[in-house]
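Participant: My questions will all concern the structure given below.
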Amino acid sequence: MPILLKRPEQLKLMREAGRIVAETLLLLREAVRPGITTAELDALAERHIRRRGATPSFKGYRGFPATICVAVNDEVVHGIPGPRVLREGDIVGIDIGARYRGFHGDATITVPVGRVSPEAERLLRVCREALDIGIEQARAGNRLTDISAAIQRHVEAAGFSVVRDLYGHGIGRALHEEPMLPHYGPPGQGPLLRPGMVLTIEPMIAAGRPDTRLLDDHWTIVTADGSLSAQFEHTVAITDNGPEILTLP
């Protein structure tokens, strides 16, 4: 499949989709506390996205039943919201997509629930830093895996591991477009980054080994060794003036 470059008027719509995602994440970050359920977070997200004139990107996508994906502690991605109660010391990843006038935005944060362990705090910090470092490489003239290599170097230098079997991706009218973006590997490979390309950069990292397994719900992916996992994500446009983060409030 070809890589679809976005025109200025399309990027304008993607900025609005991204802004709606960012607003929703801020709302949920403030709502996260011991005692709240993941279903309550999901309801808050859907209400805000629809109020802003958008629709949830994930709900119904390939059969997914909810607006947000949640990932608590050893869960890496794609957890289904439900009656689970968040407890002091948990960390919870919240992945949100919104479709606005035909275009998607997609972003993720991982949030501490109350006070968390020093290891969890460090995992979150390193993952946020890895996202920033990856975005810095999202420049016209670089190769796709310059992003991947920068993320891997930072994560592994901190003693953590990059999950291998889950990727970032192109995004636009479709939630998943080409190219697929690994968050590990040697630099200088893959397609040349060009203005008009839009990518999700979304490092998923583990405190232990990078291996994962799929739970019986056929959605939730967890670390195989039960170690903590974190994810941060932005939707990023390649421009003549450097990377532009589209999922900002």
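Participant: I'd like the residue in region 1-12 that is part of a helix (DSSP H, G or I) and not charged (D, E, K, R) and, out of all such residues, is surrounded by the most Cβ atoms within 10 Å (Cβ to Cβ).
Facilitator: The qualifying residue surrounded by the most Cβ atoms within 10 Å (Cβ to Cβ) is L11.
Participant: Okay, moving on. Please count how many residues of region 186-212 are of a type outside the set (A, V, I, L, M) and under 19 Å from the mean Cα position of the chain (by Cα).
Facilitator: Matching residues across region 186-212 total 6.
Participant: May I pose another question? Quick one: is I245 crowded, with 23+ Cβ neighbours inside 10 Å, hydrophobic (A, V, I, L, M, F, W, C) and closer than 24 Å to V21 by Cα?
Facilitator: In short, no.
Participant: While we're looking at this one, here's another question. Among R213, R194, R164, R209, which is the only one that is touching a Pro at 6+ places or on another chain (Cβ under 9 Å) and basic (K, R)?
Facilitator: Matching residue, one of R213, R194, R164, R209: R164.
Participant: Between G35, G60, which is exposed (fewer than 14 other Cβ atoms within 10 Å of the Cβ) and without any contact (Cβ under 8 Å) to a residue 24 or more places away in the chain?
Facilitator: Sole residue among the options that is exposed (fewer than 14 other Cβ atoms within 10 Å of the Cβ) and without any contact (Cβ under 8 Å) to a residue 24 or more places away in the chain: G60.
Participant: Restricting to region 13-32, count the residues that are free of Cβ contacts under 8 Å to residues at least 60 places away in the same chain and either surrounded by 14 or more Cβ atoms within 10 Å (Cβ to Cβ) or of a type in the set (V, I, T) (or both).
Facilitator: 2
Participant: If I ask for residues that are surrounded by fewer than 20 Cβ atoms within 10 Å (Cβ to Cβ), over 15 Å from Q137 (Cα atoms) and not charged (D, E, K, R), which ones from region 170-200 would you list?
Facilitator: A174, L175, H176, P179, M180, G196
Participant: Which members of region 148-192 meet the condition of being under 23 Å from M14 (Cα atoms) and out of contact with any Asp or Glu (no Cβ under 9 Å at 6 or more places or on another chain)?
Facilitator: G172, R173, A174, H176, E177, E178, P179, M180, P182, L192
Participant: Separate question: So how many residues does region 150-193 have that are of a type in the set (D, E) and in a helix (DSSP H, G or I)?
Facilitator: 1
Participant: Residues that are within 14 Å of G134 (Cβ to Cβ) and in contact (Cβ under 8 Å) with a residue 40 or more places away in the chain: find the strands (runs of 3 or more DSSP E) completely inside region 194-249 holding 1 or more of those.
Facilitator: Strands (runs of 3 or more DSSP E) meeting the threshold: 198-201, 204-206, 229-231, 234-239, 242-245.
This table checks each residue for (1) at pLDDT 95 or above; (2) over 22 Å from E178 (Cβ atoms); (3) in contact with a helix residue (DSSP H, G or I) (Cβ under 7 Å, 6 or more places away or on another chain).
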position	(1), (2), (3)
T38	yes, yes, no
D42	yes, yes, no
Y61	yes, no, no
V70	yes, yes, yes
V85	yes, yes, no
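Participant: Also, I was wondering about something else. May I ask you to say which residue of D146, D216 is at pLDDT 95 or above, on the phi < 0 side of the Ramachandran plot and more than 19 Å from the chain's Cα centre (by Cα)?
Facilitator: When all the criteria are applied, what remains is D216.
Participant: Do any residues in region 114-127 that are more than 10 Å from I91 (Cα to Cα) have Cβ atoms under 8 Å from those of residues that are crowded, with 20+ Cβ neighbours inside 10 Å and modelled with pLDDT under 95, where the two are at least six apart or on different chains, and which pairs are they?
Facilitator: Listed pairs, sorted by first residue: none to list.
The values are calculated or read from the model by the stated rules, or taken from the named source; none is laboratory data. Everything numeric here is computed off the predicted structure, so don't read it as measured data. Neighbour counts are summed over all protein chains in view; Cβ atoms, including those assigned to glycine, are modelled from backbone coordinates with ideal geometry.
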